[in-house]
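The values are calculated or read from the model by the stated rules, or taken from the named source; none is laboratory data. Just so it is clear, the structure is predicted and the values come from calculations on it, not from any experiment. Note: ideal-geometry Cβ built from the backbone for every residue, glycine included; neighbour counts use all protein chains shown.
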Amino acid sequence: MKRKRSDIKEATLLAHVGRDPAANFGIINPPVYHASTVLFPNVAAIEESNKDPYSGVRYGRYGTPTTFAFEEAVAALDGGARGIQVSSGQAAITVGLLAFLKGGDHLLMTDTAYQPTRRFCDHFLSRFGVETTYYDPTIGTGIAKLIRPNTKVVYLESPGSLTFEVQDVPAIAAVARKHGAKVLLDNTWASGLYFKPFQHGADVAIYAATKYIVGHSDAMLGMITMGSVDDFKAIKSSASTLGNSAGPDDCYLGLRGLRTIGVRMRQHQENGLVLARWLQGRPEVAAVRHPALPNDAGHTIWKRDFTGASGLFGVVLQPYAKASVDAFLDSLELFGMGFSWGGFESLIIPFALNGQRTATSDKEPGPMLRIHAGLEDPDDLIKDLERGFAKLKK
């Protein structure tokens, strides 16, 4: 793409970045390079490649034209300096954290983080002398009271997993930067489209690209973008040392999904809001957790910092018995029950915090559900939920 990225709008960027037809016989999409060994023409070429082990095509695990195209595209969407693909969202989290933490360091982790992130902190990092303190995601500038001389990373996820608290990223990032700590942000919910991490102070953005970026529930993929080349080198070293990389076919699917993420996210947003507003009026529902709703606790910050919403939100039911909730869920035909989200299909899962939170309350008036609004007609989704609620009342 010859034109400056700043000269074109985001929809155009998504259609053009990360592809070079002239270098691929006029083929629009970058081909899939299945490669392990890469041959060099002579010793001088090998020696030149060794000068910068994290650039160029050297070995399959370090990257191929397929993976480089995907990395370039996601980094461009974020407005970042570089991007690094890994095998899953969980891999993106662990690789990112390990790039900046060592024994004796202190990590500040949002109390509402994705549960596997918490397990990694409690059961892996702790074994190597990294101490984690969980903090209230709504703490804002108050996070200064928790920072220690050895605090190296402040980790955010906004909105928070399951309960959808919106964090004041600029306020927290400003405090962290003042104390020399890196700011890592799980930005999967907005997927780089509706929240620009580097404009709001984050150093590193982390994605479960499995979700909205892939968009079709058919690939496992993670992505890390960063605002500086120095952070790129640190994280690329971490990924390479851990032997973590994504397969070329999955990167191809991620790049394919990225081409349509704009139109898909608009529909996910619309369907999600239709369902959330409808659920607000149901007597069976105690609360709806959706940042784009005006009465949501995080709406003011969401409106200030985000340009849109995804299709993922939470619901708190009235205090029904488990058997009634099970009957409700089992009767649904269009909402599948399965982990992950971000695909074209609508999903619903029940969950309970069960003491997972340590810095915030995990008490709710009734059973909780997480809903992902897919791309079906919202009227059909509402009818499906109505049938389910009829079972819930029995």
Going through Thr307, Thr300 one at a time, which residue ends up being outside the structural domain of Gly215 (by TED's automatic domain parsing), surrounded by fewer than 16 Cβ atoms within 10 Å (Cβ to Cβ) and outside any loop (DSSP other than H, G, I, E, B)? Thr300
Residue check, Gly79 against (1) at negative phi; (2) touching a residue at least 24 places away in the same chain (Cβ under 8 Å), all met but one. Which one? (1)
Checked pairs for the stretch 19-31, first assigned by TED's automatic domain parsing to the domain that holds Leu77, second β-branched (Val, Ile, Thr) and at pLDDT 85 or above, C-beta under 8 Å and 6 or more apart or across chains, list as Arg19/Ile28; Pro21/Ile27; Pro21/Ile28; Pro30/Thr66; Pro31/Thr66
Could you pull out the residue among Arg282, Arg277 that is basic (Lys, Arg) and either under 30 Å from Thr64 (Cα atoms) or in a loop (DSSP other than H, G, I, E, B) (or both)? Arg282
Looking at (1) under 20 Å from the mean Cα position of the chain (by Cα); (2) free of Cβ contacts under 8 Å to residues at least 40 places away in the same chain; (3) under 20 Å from Gly215 (Cα atoms), find the lone condition where Gly336 falls short. (1)
Residue selected from the stretch 32-76 under the condition in contact (Cβ under 8 Å) with a residue 12 or more places away in the chain and either basic (Lys, Arg) or not assigned by TED's automatic domain parsing to the domain that holds Lys196 (or both), by the criterion farthest from Asp250 (Cα to Cα): Arg58
Taking the stretch 226-251 and keeping only residues that are under 20 Å from the mean Cα position of the chain (by Cα) and of a type in the set (A, V, I, L, M), one is left with Met226, Ile235, Ala239, Ala246
Taking interchain pairs and intrachain pairs at least six residues apart, which have beta carbon atoms under 8 angstrom, with the first residue in the stretch 254-268 and under 15 Å from His16 (Cα atoms) and the second polar (S, T, N, Q)? Gly254/Gln85; Leu255/Asn29; Leu255/Thr66; Arg256/Asn29; Ile261/Ser191
Out of the residues in the stretch 117-153 that are out of contact with any Phe, Trp or Tyr (no Cβ under 8 Å at 6 or more places or on another chain) and in a strand (DSSP E or B), state the one that is farthest from Trp302 (Cα to Cα). Glu131
Residues being within 26 Å of His268 (Cβ to Cβ), surrounded by fewer than 16 Cβ atoms within 10 Å (Cβ to Cβ) and either modelled with pLDDT under 95 or in contact with an Asp or Glu (Cβ under 7 Å, 6 or more places away or on another chain) (or both): count how many of those fall in the stretch 339-361. 4
Quick check on the stretch 107-115. Is at least one of its residues among the charged types (D, E, K, R), within 21 Å of the chain's Cα centre (by Cα) and not in a helix (DSSP H, G or I)? yes
A careful count of residues in the stretch 227-239 that are touching a helix residue (DSSP H, G or I) at 6+ places or on another chain (Cβ under 9 Å) and either of a type in the set (Val, Ile, Thr) or modelled with pLDDT under 95 (or both) gives 1
Would you please list the contacts, defined by Cβ atoms under 9 Å and residues six or more apart or on different chains, that run from a residue in the stretch 343-371 that is closer than 14 Å to Thr112 by Cβ to a residue that is aromatic (Phe, Trp, Tyr) and at pLDDT 95 or above? Arg357/Tyr134; Thr358/Tyr134; Ala359/Tyr134; Ala359/Tyr135; Thr360/Tyr134; Thr360/Tyr135; Arg370/Phe313; Arg370/Trp341
Within the stretch 112-150, work out how many residues are touching a residue at least 40 places away in the same chain (Cβ under 8 Å) and of a type in the set (D, E, K, R). 3
Filter the stretch 204-216 for residues that are part of a loop (DSSP other than H, G, I, E, B) and either crowded, with 24+ Cβ neighbours inside 10 Å or not charged (D, E, K, R) (or both) and give the result. Ala208, Ala209, Thr210, Tyr212, Ile213, Val214, Gly215, His216
Is it the case, given these coordinates, that Arg127 is among the basic types (Lys, Arg) and surrounded by 20 or more Cβ atoms within 10 Å (Cβ to Cβ)? no
Does Thr241 satisfy the criteria of being outside the structural domain of Ala373 (by TED's automatic domain parsing) and either hydroxyl-bearing (Ser, Thr, Tyr) or more than 20 Å from Thr188 (Cβ to Cβ) (or both)? yes
Residues being of a type in the set (Val, Ile, Thr) and free of Cβ contacts under 8 Å to residues at least 40 places away in the same chain - total across the stretch 181-217: 1
Checking Gly314 against (1) in a loop (DSSP other than H, G, I, E, B); (2) crowded, with 21+ Cβ neighbours inside 10 Å, only one condition comes out false. Which one? (1)
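Every residue, every condition in (1) in a loop (DSSP other than H, G, I, E, B); (2) hydrophobic (A, V, I, L, M, F, W, C), yes or no:
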{"residue": "Gly343", "(1), (2)": "yes, no"}
{"residue": "Ile349", "(1), (2)": "no, yes"}
{"residue": "Arg357", "(1), (2)": "yes, no"}
{"residue": "Ser361", "(1), (2)": "yes, no"}
{"residue": "Pro365", "(1), (2)": "yes, no"}
{"residue": "Leu369", "(1), (2)": "no, yes"}
{"residue": "Leu375", "(1), (2)": "yes, yes"}
